[in-house]
Amino acid sequence: MAVANGSVNITEAFPYISTCGSYPPQSCLFGQVLNLGAFLGAVICFLKYQQVQDYGCHSRLNLAGLVLGLLCAFGSSLVGNFQQYNQLETHLFGAFLAFVVGILYFWVQTFLTERVKPRHGGLWIGPLRFSLSFCGSAFLIATVVLFYLRLDSEAAYCEWALAMDLFLLFGLFAVDFWHVGTCSVHVHHQRADGEAEDVQASTQTLPL
């Protein structure tokens, strides 16, 4: 859309993602897609956290992963709502959360995969998640370095590759959720002594 309406000119330089989504009408679609993606990302991160809990891995690393995942989703929403040419500082902060914190989240998930591998099966999922996390880290570093070297087109290529890498990593959770049959949240009534019981959540994995 940005190329079609002349907002960007790819013959001069390959644009950054945010450059393409800075002007209407594509800025409206950009914001809507990222807001929806942020919501779905937050749901996925919570489901993954609960699944690891149900595997018996009650570690602080799993909780840290949940926090990182939610921050990544929040950053995506900031990027979509505060476009590059409107609120640059907020936009850059959101990009930091989406990309840097997002990669950290998947490194945590890579480590957790080794902890719960015997339960969800698939010996290939760990190495693949590690490879994609490594590639994402390389793309992130390359984007920053090339940006400061004023090689904008090359930095933009790496940024797009980084975004696609994160999409693949999120999509890879489909393997982890493949045998999840149900996910339920139980809200308890307030007790007679006035204290409310905790909200409980759980996932149930179907037998192989």
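The values are calculated or read from the model by the stated rules, or taken from the named source; none is laboratory data. Not measured: the values here are computed from a predicted model. Here Cβ is always computed from backbone atoms with ideal geometry, including for glycine, and neighbour counts include all displayed protein chains.
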Check off (1) under 12 Å from the mean Cα position of the chain (by Cα); (2) touching a residue at least 60 places away in the same chain (Cβ under 8 Å) for G65 and give me the number that stays unchecked.
(2)
Can you tell which of F99, F111 is at pLDDT below 95 and of a type in the set (F, W, Y)?
F111
Residue under question is Q32, and the condition is that it be among the polar types (S, T, N, Q) and without any contact (Cβ under 8 Å) to a residue 60 or more places away in the chain; does it hold?
yes
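If I filter segment 47-58 down to residues being part of a loop (DSSP other than H, G, I, E, B) and either surrounded by 14 or more Cβ atoms within 10 Å (Cβ to Cβ) or touching a Pro at 6+ places or on another chain (Cβ under 7 Å) (or both), which single residue comes out as modelled with the highest pLDDT?
Step one: of segment 47-58, the residues part of a loop (DSSP other than H, G, I, E, B) are 55-58.
Still in the list and also either surrounded by 14 or more Cβ atoms within 10 Å (Cβ to Cβ) or touching a Pro at 6+ places or on another chain (Cβ under 7 Å) (or both): 55, 57.
Working: Y55: 81, C57: 75.
Filtering segment 47-58 for residues that are part of a loop (DSSP other than H, G, I, E, B) and either surrounded by 14 or more Cβ atoms within 10 Å (Cβ to Cβ) or touching a Pro at 6+ places or on another chain (Cβ under 7 Å) (or both), the one modelled with the highest pLDDT comes out as Y55.
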Would you be able to say whether some residue in segment 30-43 is at pLDDT below 90, in contact with a Phe, Trp or Tyr (Cβ under 8 Å, 6 or more places away or on another chain) and not charged (D, E, K, R)?
no
Could you tell me whether F130 is assigned to a helix (DSSP H, G or I) and either free of Cβ contacts under 8 Å to residues at least 24 places away in the same chain or more than 20 Å from F30 (Cα to Cα) (or both)?
yes
Write out, first by first residue and then by second, each pair whose Cβ atoms fall under 9 Å of each other, whose residues are 6+ apart or on separate chains, and whose first residue, in segment 154-179, is under 19 Å from G94 (Cα atoms) while the second is among the small types (G, A, S) and not in a helix (DSSP H, G or I).
A156/A13
Would it be correct to say that V145 is among the β-branched types (V, I, T), surrounded by fewer than 19 Cβ atoms within 10 Å (Cβ to Cβ), farther than 27 Å from P24 by Cα and touching a helix residue (DSSP H, G or I) at 6+ places or on another chain (Cβ under 7 Å)?
no
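So is C72 in a helix (DSSP H, G or I) and surrounded by fewer than 20 Cβ atoms within 10 Å (Cβ to Cβ) or not? It would help to see each step written out before you state the result.
Values: in a helix (DSSP H, G or I): yes; surrounded by fewer than 20 Cβ atoms within 10 Å (Cβ to Cβ): no.
For C72, the condition - in a helix (DSSP H, G or I) and surrounded by fewer than 20 Cβ atoms within 10 Å (Cβ to Cβ) - is not met.
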A careful count of residues in segment 1-44 that are of a type in the set (S, T, Y), under 22 Å from L71 (Cβ atoms) and assigned to a loop (DSSP other than H, G, I, E, B) gives 1
